[in-house]
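Below is one structure, written out as structure tokens; the observations come after it.
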Amino acid sequence: MQVTETKSEGLSREFKIALPAAEIEEKISHRLKELAQTANMPGFRPGKVPVSVLRKKYGPSVMGEVLERAVNDSSQQALAEKGLRPAMQPEIKITEFEDGKDLEYTIAVEVLPKIKPIDFSTIKLERLVPNTKKGEIDSVLETLAKTHGESEPIKEDRKSKDGDVLVIDFLGRVDGVEFAGGKAENYELTLGSGTFIPGFEEQLTGIKVGAKTEVKVKFPENYGAAELSGKDAVFDVTVHEIKAVAPAAIDDELAKKLGGENLDALRESIKEEQEREFLTMSRMTLKRELLDKLADAHDFKVPKKLLEREFEAIWTQYQEEQNKAGDDVETATPKDQKPDVEGEKEFREIAERRVRLGLLMAEVGRSNDVQINQEDVNHQLMEEARRHPAREQEIMEYYRNTPEAMEQLSAPIYEEKVVDFILEQATVTDKKATMDDLIKAMDTDDDGKLKAKGKAKSDKKPAKKSAKKPAKKAAKK
């Protein structure tokens with residue numbers, strides 16, 4: 001095999017490879033002899049068909065098989081001998097081949113960058129650990145008390161306010177005509193709950209029992225019932241009763257309603273749940289800080305094709321987020337639409353960071369023999385299956401029979417193992433913090449989350465998605 005390097009620019013490499021005709025012929029003859037051992041043709045005993053006969057019948061197909069294998073094997077050998085690892089599948093073109101002549105082909109490939117070993121002991125990080133205070137637990141208890149409170153008719157003569165429950169009749173009309181689901185009697189509406197379409201509840205604030213009023217609203221452009229979308233509506237509303245919600249007493253009885261033995265046990269349960277949530281969020285913050293430090297400390301070139309693939313993935317994700325914001329054509333982002341200059345620059349910066357960190361983490365894992373065990377994968381597979389009730393078995397079979405999907409499932413597990421490996425060697429200092437402290441620390445979105453800033457060229461603002469509601473509740477958003 002003769003290998004000639006024809007291009008070496010950055011991470012791009014191109015080679016011209018020639019395989020001698022004699023070597024190709026030897027491989028073809030060897031394959032035909034293998035077939036002869038099992039071939040069964042009329043006029044010949046099994047396994048006794050002459051190679052010359054097989055060559056006439058199967059020559060072209062055998063040649064194609066041999067050429068494919070020869071090209072794959074020789075290209076991998078050429079890259080391995082030069083110590084190169086391809087970032088993606090190489091592009092191979094056969095430039096010359098005729099029976100009896102040398103096989104010549106070219107190979108174009110982007111290689112993985114060489115990454116210098118990292119001394120992780122020089123990395124200094126701060127890990128927030130829970131310092132749950134009594135006030136935080138009390139706040140949760142107060143919320144639970146309100147949730148499980150009871151509403152009672154108000155005794156004083158006052159106007160309605162946020163938090164009150166109104167017992168109302170309503171009848172809605174669009175263009176003077178009643179519509180399906182626009183009518184109800186003795187309906188209990190909590191002011192400030194955001195249950196009804198925008199503007200409805202606000203117009204019932206500051207009203208007294210017995211009042212009859214008109215509520216004028218406009219259905220959202222992306223309202224679930226297409227015939228009502230964007231339409232002006234008028235509701236005749238009668239207020240029969242105003243109820244105030246009295247929080248439940250924070251005592252053992254409330255604790256038992258919530259499944260606890262007593263109030264002390266409920267407090268302990270709340271504390272444990274908050275600390276579990278805290279540690280999960282703290283891990284995210286610590287990981288983000290680690291990745292930020294790694295990204296700042298490394299500036300090696302990344303393969304252009306990997307960068308382009310990641311950029312396209314980010315843009316697709318952005319489109320999906322935009323389209324989830326609204327169902328109508330006006331708010332949807334066309335699939336072939338590209339981001340504007342500012343948006344493209346930001347998305348490419350994110351893509352480059354992701355690719356660089358991905359290569360860095362992969363190299364750390366590879367060079368330090370970081371492994372994931374089957375138990376971790378099985379656990380993640382079960383979690384994924386549980387997200388699809390009644391289809392668990394189908395989901396599990398899909399992953400087990402689809403290597404690409406299983407690889408995607410395993411990738412986050414592997415990344416967390418690499419993060420653990422680095423953290424074990426880094427200098428990590430624990431710092432006690434409250435949940436408020438942690439939330440402030442997480443205020444800046446990490447790279448893994450896309451912000452829908454409207455970077456695409458569109459003057460349309462995303463509208464909130466609204467599912468179609470049952471007819472009797474058309475007044476709701």
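The values are calculated or read from the model by the stated rules, or taken from the named source; none is laboratory data. Note that the structure is predicted; figures quoted are calculated from it, not measured. Note: ideal-geometry Cβ built from the backbone for every residue, glycine included; neighbour counts use all protein chains shown.
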Give all pairs with beta carbons closer than 8 Å in which a residue from region 56-85 that is outside the structural domain of Met41 (by TED's automatic domain parsing) meets a residue that is of a type in the set (A, V, I, L, M, F, W, C); count only pairs at least 6 apart in sequence or on separate chains. none
Selection status of Ile107, surrounded by 18 or more Cβ atoms within 10 Å (Cβ to Cβ) and among the hydrophobic types (A, V, I, L, M, F, W, C): yes
Quick check, is Ser160 of a type in the set (S, T, N, Q), in contact with a helix residue (DSSP H, G or I) (Cβ under 9 Å, 6 or more places away or on another chain) and crowded, with 16+ Cβ neighbours inside 10 Å? yes
Restricting to region 169-194, what's the tally of residues that are within 16 Å of Val237 (Cα to Cα) and not in a strand (DSSP E or B)? 2
Total residues in region 364-392, condition part of a helix (DSSP H, G or I), polar (S, T, N, Q) and touching a helix residue (DSSP H, G or I) at 6+ places or on another chain (Cβ under 8 Å): 1
Hey, any hits in region 132-146 for a residue that's at pLDDT 90 or above, more than 30 Å from Gln274 (Cβ to Cβ) and either buried (at least 17 other Cβ atoms within 10 Å of the Cβ) or among the hydrophobic types (A, V, I, L, M, F, W, C) (or both)? no
Within region 239-255, tally of residues that are surrounded by 17 or more Cβ atoms within 10 Å (Cβ to Cβ) and either under 23 Å from Leu204 (Cα atoms) or over 42 Å from the mean Cα position of the chain (by Cα) (or both): 4
How many residues of region 64-111 are over 13 Å from Glu23 (Cβ atoms) and among the hydrophobic types (A, V, I, L, M, F, W, C)? The answer is 12
How do the pairs read when you match residues in region 365-392 that are assigned by TED's automatic domain parsing to the domain that holds Tyr414 with residues anywhere that are small (Gly, Ala, Ser) and at pLDDT 90 or above, using Cβ under 6 Å and keeping only pairs 6 or more apart or on different chains? Val377/Ser410; Glu392/Ala385
Give me the residue from region 207-232 that is surrounded by fewer than 18 Cβ atoms within 10 Å (Cβ to Cβ) and not in a loop (DSSP other than H, G, I, E, B) and, out of that set, nearest to the chain's Cα centre (by Cα). Ala226
Which ones in region 195-245 are polar (S, T, N, Q), within 30 Å of Glu156 (Cβ to Cβ) and modelled with pLDDT under 90? Thr195
Meets criteria (outside the structural domain of Ile24 (by TED's automatic domain parsing) and among the basic types (Lys, Arg)) for Lys133: yes
Go through Ile118, Ile168 for me and flag whichever is buried (at least 17 other Cβ atoms within 10 Å of the Cβ), within 30 Å of Pro247 (Cβ to Cβ) and outside the structural domain of Lys27 (by TED's automatic domain parsing). Ile168
